[in-house]
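Enquirer: Below are the structure tokens for one structure; questions will follow.
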């Protein structure tokens, strides 16, 4: 069954007897957000080792066995499968033939119409959900709602500026909205000047330059740009969130390449668009980072974000070490 926009909220609250849900489309952040929501609703947690299993491309052959497994503590299990393409069709078909009651959540950024979507839509216990960047009024409402969740209001012109500045990818929208909300503070109100400061500042440009240089393997350039961004006022938490967004976009483009796109076309398809001066660096980065390596770097970046919030260490130091590590990895890949 293919779920339309009106059916999605109810399904996310209660997937019922559905045993396989395919999350596909261009908004990788929204795919991950919905996968996490379904996991929490069914298993009660994202990281319960007895009720949640996570598989990457190397683990597709285990989908059926994980689906059939019983939770030692009782309750329904969730099997999250990352980086899904049409090549996973037989593994998914085998899983749905099994007697397991687990919910298999298939995360497939960039997946187009193909055999897997056709199969899951036709399955009596399958569902597919398209996840695409929002724009226009829907994007305005999303930003306004995210700000409201954090106890922050906004002037209409500030919302308009943010819509133009952040694009539609859910992870980018959330990161940029959180950044402006932190600046406003709980109970505060975002005005146009505040939105411009967060979404169009020089520090952000320097950070972008540094992150692209890092995944390109240009360590000295990356270090200088990151130092400049921090000197211009960017904090460590905002910087690691920008790193997460950069890696997510590279990962999204890399998955499109697995589907047959050229690197140049995959970069041009990214939303919000890559600034023309950054095209060469982003395209060159893609040549150095396979999808699985980007997935690992993303997980490490998320752990750094947690450490920035929970430890007494200076967040800026943690993030600079992480960015330097990216540059070393990229340089090693470039040397072969």
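The values are calculated or read from the model by the stated rules, or taken from the named source; none is laboratory data. These numbers were taken from a predicted model, which means no experiment stands behind them. Reconstructed Cβ throughout: ideal geometry from the backbone, glycine too, with neighbour counts over all protein chains shown.
Enquirer: Every residue in region 87-98 that is in contact with a helix residue (DSSP H, G or I) (Cβ under 7 Å, 6 or more places away or on another chain), in a helix (DSSP H, G or I) and without any contact (Cβ under 8 Å) to a residue 40 or more places away in the chain, please.
Expert: From region 87-98, those in contact with a helix residue (DSSP H, G or I) (Cβ under 7 Å, 6 or more places away or on another chain) are 88-89, 91-95, 98; that's our starting set.
Filter again for in a helix (DSSP H, G or I), leaving 88-89, 91-95.
The answer is 88, 89, 91, 93, 94.
Enquirer: Let me ask something else about it. Can you confirm whether region 70-85 contains a residue that is part of a helix (DSSP H, G or I) and surrounded by fewer than 20 Cβ atoms within 10 Å (Cβ to Cβ)? Even if it seems obvious, please write down each step before you answer.
Expert: Within region 70-85, the subset part of a helix (DSSP H, G or I) is none.
Scanning region 70-85 turns up no residue that is part of a helix (DSSP H, G or I) and surrounded by fewer than 20 Cβ atoms within 10 Å (Cβ to Cβ).
Enquirer: Continuing with this model, one more query. Have a look at 279, 242 and point out the one that is closer than 20 Å to residue 172 by Cβ and surrounded by fewer than 22 Cβ atoms within 10 Å (Cβ to Cβ).
Expert: Exactly one residue qualifies, and that residue is 279.
Enquirer: Where residues in region 1-38 are within 17 Å of residue 95 (Cβ to Cβ) and assigned to a helix (DSSP H, G or I), which of them is nearest to the chain's Cα centre (by Cα)?
Expert: The qualifying residue nearest to the chain's Cα centre (by Cα) is 35.
For (1) surrounded by 15 or more Cβ atoms within 10 Å (Cβ to Cβ); (2) without any contact (Cβ under 8 Å) to a residue 60 or more places away in the chain; (3) not assigned by TED's automatic domain parsing to the domain that holds residue 83, each residue gets a yes or a no:
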| residue | (1), (2), (3) |
| --- | --- |
| 260 | no, yes, yes |
| 284 | yes, no, yes |
| 294 | yes, yes, yes |
| 328 | no, no, yes |
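Enquirer: Only residues that are buried (at least 19 other Cβ atoms within 10 Å of the Cβ), touching a strand residue (DSSP E or B) at 6+ places or on another chain (Cβ under 6 Å) and over 24 Å from residue 169 (Cβ atoms): list them for region 118-139, please. Spell out how you get there, then give the answer.
Expert: Initial filter on region 118-139 (buried (at least 19 other Cβ atoms within 10 Å of the Cβ)): 119-120, 126-131, 133-134, 139.
Now drop any that are not touching a strand residue (DSSP E or B) at 6+ places or on another chain (Cβ under 6 Å), which leaves 120, 126-131.
Residue satisfying the conditions is 126 alone.
Enquirer: If we keep just the residues of region 217-234 that are modelled with pLDDT under 90 and closer than 25 Å to residue 28 by Cβ, which is surrounded by the most Cβ atoms within 10 Å (Cβ to Cβ)?
Expert: Taking the candidates together, the pick is 229.
Enquirer: From the list 68, 95, 87, 64, exactly one residue is within 25 Å of residue 27 (Cβ to Cβ) and assigned by TED's automatic domain parsing to the domain that holds residue 22. Which is it?
Expert: On the way: 68 fails: within 25 Å of residue 27 (Cβ to Cβ); 95 fails: within 25 Å of residue 27 (Cβ to Cβ); 64 fails: within 25 Å of residue 27 (Cβ to Cβ).
After applying the criteria, what remains is 87.
Enquirer: For residues that are in contact (Cβ under 8 Å) with a residue 60 or more places away in the chain and out of contact with any helix residue (DSSP H, G or I) (no Cβ under 8 Å at 6 or more places or on another chain), scanning just region 108-131, find the one that is farthest from residue 20 (Cα to Cα).
Expert: Residues of region 108-131 that are in contact (Cβ under 8 Å) with a residue 60 or more places away in the chain, as a first pass: 108-112, 116-117, 120-121, 123, 125-131.
With the extra rule that they be out of contact with any helix residue (DSSP H, G or I) (no Cβ under 8 Å at 6 or more places or on another chain), the set shrinks to 112, 117, 121, 130.
Working: 112: 18, 117: 11, 121: 10, 130: 14 Å.
Result: 112.
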